[in-house]
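Colleague: One structure follows; several queries about it will come next.
The values are calculated or read from the model by the stated rules, or taken from the named source; none is laboratory data. Since this is a predicted model, take the numbers as computed values, not measurements. Positions of Cβ are backbone-derived with ideal geometry, glycine not excepted, and every protein chain shown enters the neighbour counts. With ligands, DNA and RNA removed, areas are computed over all heavy atoms of the protein, side chains included. Shrake-Rupley method; radii C 1.70, N 1.55, O 1.52, S 1.80 Å.
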Amino acid sequence: MHSTPPTLIEPPDDKAVIELITPDRLNPYLGVCAGDAGAALALYRWNSDLAAAFFEPLGHLEIMLRNALDARLVARQQRRGRTTEWYIDRHVPLSGKARGDIAQAQERAGRGGAAATPRGKVIAELSFGFWRFLLARQYKTSLWPDLAGAFPNAPNRALNTVEDPVKRLHKFRNRIAHHEGIWHLPLEARRDDIQRVLAFIAPAAAAWVADASRIDDVLARRP
């Protein structure tokens, strides 16, 4: 039998790759690489590696944050003798924007056609932005006194202690989700924000996420 010779893979054509990514998107990378296309593409690829490395712990943070906040809102309802889910109870002082987000989440969660949509599906459909804005100053005197209990290890009960890092992480996550550059941002600070917020919720959660994090390894490979 004659074996088929392996297919030779040609080295990438930088010009073709740049055209497909688009020069406009690569201009910031070319600028810091003195116009060197190869170096710019290496930096662009490293940026993608960074985004992937950050997205994993950000995903863990989003899930743990929303579950911690949901638990406090459930407890708030029970303490007030309310039997309605907090996200549909009009007595819960949520903004119009939050109500709209909930309606969309319920619609998405109910697309499976089930007679009753499990509450877990509704909670999972609420975006990181929804939970971030539950920590906004507009809720400082209404919801924050209850939500503060989601962060038992925070150094104080001040809203900004939690809101500030969550706000930074929400903006950072959105940049990653829209495939924008993050290579020029204070990456160690964002890594520390993730760990800080998780530690406020539960030190064990922070340690579990940090143990599998690839962020430091990718940071060390900067081209």
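Colleague: Modelled with pLDDT of 95 or more, out of contact with any Phe, Trp or Tyr (no Cβ under 8 Å at 6 or more places or on another chain) and part of a helix (DSSP H, G or I): is that true of Leu50 in this structure?
Modeller: Numbers: modelled with pLDDT of 95 or more: yes; out of contact with any Phe, Trp or Tyr (no Cβ under 8 Å at 6 or more places or on another chain): no; part of a helix (DSSP H, G or I): yes.
No.
Colleague: May I pose another question? Can you tell me which residue within the stretch 133-147, out of those that are assigned to a helix (DSSP H, G or I) and in contact (Cβ under 8 Å) with a residue 40 or more places away in the chain, is most open to solvent (accessible area, probe 1.4 Å)?
Modeller: Here the residue is Gln138.
Colleague: Quick check on this structure: which one of Ile88, Ile102 is hydrophobic (A, V, I, L, M, F, W, C), within 19 Å of the chain's Cα centre (by Cα) and either farther than 26 Å from Pro203 by Cβ or open to solvent by 30 Å² or more (accessible area, probe 1.4 Å) (or both)?
Modeller: Ile102
Colleague: Determine the pairs where a residue that is closer than 23 Å to Ile215 by Cβ, located within the stretch 22-51, has a partner that is of a type in the set (S, T, N, Q) and at pLDDT 95 or above with Cβ atoms under 9 Å apart, the partner being 6 or more residues away or on another chain.
Modeller: If the second residue must be of a type in the set (S, T, N, Q) and at pLDDT 95 or above, the pairs left are Tyr29/Asn47.
Colleague: Going by the structure shown, is Arg66 touching a Gly at 6+ places or on another chain (Cβ under 7 Å) and either modelled with pLDDT of 95 or more or among the acidic types (Asp, Glu) (or both)?
Modeller: no
Colleague: Another question about this same structure. Name the one entry in Ala71, Ala75, Ala16 that is modelled with pLDDT of 95 or more, assigned to a helix (DSSP H, G or I) and open to solvent by 30 Å² or more (accessible area, probe 1.4 Å). Spell out how you get there, then give the answer.
Modeller: On the way: Ala75 fails: open to solvent by 30 Å² or more (accessible area, probe 1.4 Å); Ala16 fails: modelled with pLDDT of 95 or more.
Exactly one residue qualifies, and that residue is Ala71.
Colleague: Could you grab the pairs with beta carbons closer than 6 Å, sequence gap of 6+ or different chains, first residue in the stretch 193-222 and of a type in the set (Asp, Glu), second one modelled with pLDDT of 95 or more and open to solvent by 30 Å² or more (accessible area, probe 1.4 Å)?
Modeller: That search, which allows pairs on different chains as well, returns Asp193/Arg168.
Colleague: Based on what the data block shows, is Val92 in contact with an Asp or Glu (Cβ under 9 Å, 6 or more places away or on another chain) and among the β-branched types (Val, Ile, Thr)?
Modeller: No.
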